[in-house]
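Undergrad: One structure, as structure tokens, below. Some questions next.
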């Protein structure tokens, strides 16, 4: 990942351009008095709280889902 450091004044005048760079994966550091001060990051939306059971009745499993053949068991146990 490429990295670019700009001073505060330059960041003010080029904010749109720097924002585009960040969205393309480039790391942008804003400096104050020549020292790293801020990292410009893309916004990540807030996660929605998980609602258990929202797919209830929509997922089907075969009746033999948890039955494992001897061949598979032996392969996992290293006896093949």
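Each reported figure results from applying straightforward, stated rules to the coordinates on display, with no laboratory input. All values reported here derive from a predicted model rather than from experimental measurement. FYI the Cβ positions are ideal-geometry reconstructions off the backbone, even for glycines, and counts take in every protein chain you see.
Undergrad: Arranged from highest to lowest average of other beta-carbon atoms within 10 Å per residue, in what order do the peptides 69-79, 25-35 appear? Don't skip to the end; give the middle numbers.
TA: Values: 69-79: 9.1, 25-35: 12.9.
Descending packing order for the listed peptides: 25-35, 69-79.
Undergrad: State, to one decimal in nm, how far the label point of residue 39 lies from the label point of residue 7, with both points 7 Å from Cα in the Cβ direction.
TA: The two pseudo-label positions are separated by 2.4 nm.
Undergrad: Out of all DSSP beta bridges in the chain, what portion is antiparallel? Express it as a percent rounded to 5.
TA: 50 percent
Undergrad: R0 = 30 Å: FRET efficiency of residue 73 with residue 47, Cβ-based, nearest 0.05?
TA: 0.20
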